[in-house]
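K.L.:
Okay, here's the structure, questions in a sec.
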Amino acid sequence: MSEKTGRVHWNGWQECVKKICSIRFAGAVVLMTALVCAIASGIDRVMIDQQEWITPWMAPHFFDNKYFATFYGFIVCYMFSDVPFMNRSELCFALRKGRGIWCMEKIFAVIMQAFSLTVLTFAATVLVFVPRLHFELDWGSIIDTMAYSENIWEYNLISNPSSVIMEKYTPLLAMLLCFLLVWIISSVIGLLMFVLSLYTSRMAAVSVAAILTGMNLSEAKFITSSWLPYVTPFNWCRLGLHNEPVFLDTHYYPSLWFCLGLCGIMIIFTALGIMLRSRHMEFVWNKEE
């Protein structure tokens, strides 16, 4: 702390640790683990029948499933549902640090919270198959079988690997791009909820984020509404859709680079919106407990 000003310096890592150690984050991890276990059910029977173990590259295929991506989005919405972080315990910190530093710490914490959940999610997609795990740089025979076999429906799998992803990307590149997309999109949702809660209310912020996430399930509408794939963020996690035709080549899903670029722009603008709003609003600290 500065002796002259009586203010504390920026300490975003401490804020990040506090968020990660919260009950809300722990709840999000529990829900995520249950989601991963649910979508992985049945794959062990394929491995036993084929007498082969699976490679640790299933995360991009899990996120290519619209239900997995959507419910993961709802978990992210829950994780950030304590926006705009205005409770009485934060009042003294904002007064001592100043509104600008307080907001920067919150923005940093949102991004790192999204990063932490993404790391744990990708770890869960690997650990769920232990000890039936085999490491190689290729996709592996089990993933090949599940993606191309005509009889795989007999196992009642919730989600099959995407042959499009396997043809477009190497396993390591698919994992890296999927990780980057999930992290950035989760950060965008968190920052969007933060800025909306400052301009409106927590309820409005959570509702908008939940609606944007739930629109992933309206895939049938993509055929007639060419704009819809561009406003469903967690649909962008699905590597198998990028640049693919929606229906009869009439229009296409957004490209990978469009999704990454738009997410970057949204992070910048939402962060600016948070900083500007925090300078010109009267905080009601007992409003959001």
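K.L.:
Assuming 0.36 nm per residue, please report the length gained on full extension of the stretch residue 11 to residue 153 beyond their Cα-Cα distance.
P.N.:
45.9 nm
K.L.:
Could you state the per residue volume, in Å³, of the convex hull enclosing the Cα atoms of the range 135-283?
P.N.:
Output value, Cα hull per residue: 149 Å³.
K.L.:
Using only the Cα atoms of the range 155-206, what do you get for the radius of gyration and for Dmax, in Å?
P.N.:
When restricted to Cα atoms, the range 155-206 yields Rg and Dmax of 17.1, 49 Å.
K.L.:
Another question about this same structure. List, in order, the whole-Hz ³J(HN,Hα) value for each residue of the range 170-181 obtained from phi through the Karplus relation with A = 6.51, B = -1.76, C = 1.60 and θ = phi - 60°; use x for Gly and Pro.
P.N.:
6, x, 5, 5, 5, 4, 5, 5, 5, 4, 4, 5
K.L.:
Just to verify a number: what accessible area does residue 227 come out at with the full protein assembly present, 1.4 Å probe, Å² rounded to tens?
P.N.:
Only protein atoms counted, so the area is about 150 Å².
K.L.:
How large is the translational diffusion coefficient of the range 58-204 in µm² per second when you combine the Kirkwood radius over alpha carbon pairs with Stokes-Einstein at 25 °C and 0.890 mPa s?
P.N.:
Here the translational diffusion coefficient equals 139 µm²/s.
K.L.:
Between their Cα atoms, which of 66/168; 18/97; 66/106 are more than 24 Å away from each other?
P.N.:
On the way: 66/168 19 Å; 18/97 17 Å; 66/106 30 Å.
Pairs exceeding 24 Å: 66/106.
K.L.:
Using modelled amide H (1.01 Å from N, peptide plane; none on Pro or chain starts), what sits under 5 Å from the amide H of residue 252, excluding residues fewer than 5 places away?
P.N.:
Here 246 satisfy the definition.
K.L.:
With a Förster radius of 41 Å, plug the Cβ-Cβ distance of residue 200 and residue 48 into 1/(1 + (r/R0)^6) and report the FRET value to the nearest 0.05.
P.N.:
The computed FRET efficiency comes out at 0.20.
K.L.:
Right, here's the next one. Please work out the Kirkwood hydrodynamic radius for the chain, using every pair of different C-alpha atoms, and report it in angstroms with one decimal place.
P.N.:
Evaluated over the chain, this radius sits at 20.4 Å.
K.L.:
How large is log10 I(q)/I(0) at q = 0.11, 0.16, 0.24 Å⁻¹ when the Debye formula is applied to the Cα atoms of the range 98-169, each weighted equally and without solvent?
P.N.:
Cα-only, vacuum Debye calculation for the range 98-169: -0.49, -0.76, -1.18.
K.L.:
How do 244, 154, 15 stack up against each other in accessible area, from largest to smallest, with a 1.4 angstrom probe?
P.N.:
Accessible-area ranking of 244, 154, 15, largest first: 154, 244, 15.
K.L.:
Using each residue's phi in the range 21-28, evaluate 6.51 cos²θ - 1.76 cosθ + 1.60 at θ = phi - 60° and report the 3J(HN,Hα) Karplus result to the nearest Hz, with x for Gly and Pro.
P.N.:
Whole-Hz 3J(HN,Hα) from phi for the range 21-28: 8, 7, 5, 5, 5, 4, x, 4.
K.L.:
Shifting gears a bit: Describe numerically, in nm with one decimal, the distance between label points set 7 Å from Cα along Cα→Cβ at residue 252 and at residue 38.
P.N.:
Each label point lies 7 Å from its Cα, and together they span 3.4 nm.
K.L.:
Over the heavy atoms of residue 132, what accessible area does a 1.4 Å probe trace out, to the nearest 10 Å²?
P.N.:
Roll a 1.4 Å probe over it and residue 132 shows about 80 Å².
K.L.:
Let me ask something else. In percent, what relative contact order does the chain have, based on Cα pairs under 8 Å that are 6 or more apart in sequence?
P.N.:
Averaging sequence separation for qualifying contacts and normalising by length gives 28 percent for the chain.
K.L.:
Also: Add -39500 (n - 2.57) for each DSSP H run of 4 or more in the chain, then divide by its residues: what number comes out at 222 nm, to the nearest 500 deg cm²/dmol? Before the final figure, lay out each step's value.
P.N.:
Values: 12 runs with 173 residues, N = 289.
Calculated from helices alone, the mean residue ellipticity at 222 nm is -19500 deg cm²/dmol.
K.L.:
Could you grab the Rg to Rh ratio for the range 17-91? Cα atoms only, Kirkwood for Rh.
P.N.:
Dividing the radius of gyration by the Kirkwood radius yields 1.15.
K.L.:
Of 77, 21, which has the most accessible area and how do the rest follow, probe 1.4 Å?
P.N.:
So, going from the largest accessible area down, we get 21, 77.
The values are calculated or read from the model by the stated rules, or taken from the named source; none is laboratory data. Just so we're clear, the structure is a prediction, and the values are computed from it rather than from any experiment. So basically every Cβ, Gly included, is an ideal-geometry build from the backbone, and we count neighbours across all protein chains shown. Areas reflect the complete protein model, heavy atoms only, side chains present, ligands, DNA and RNA absent. Shrake-Rupley method; radii C 1.70, N 1.55, O 1.52, S 1.80 Å.
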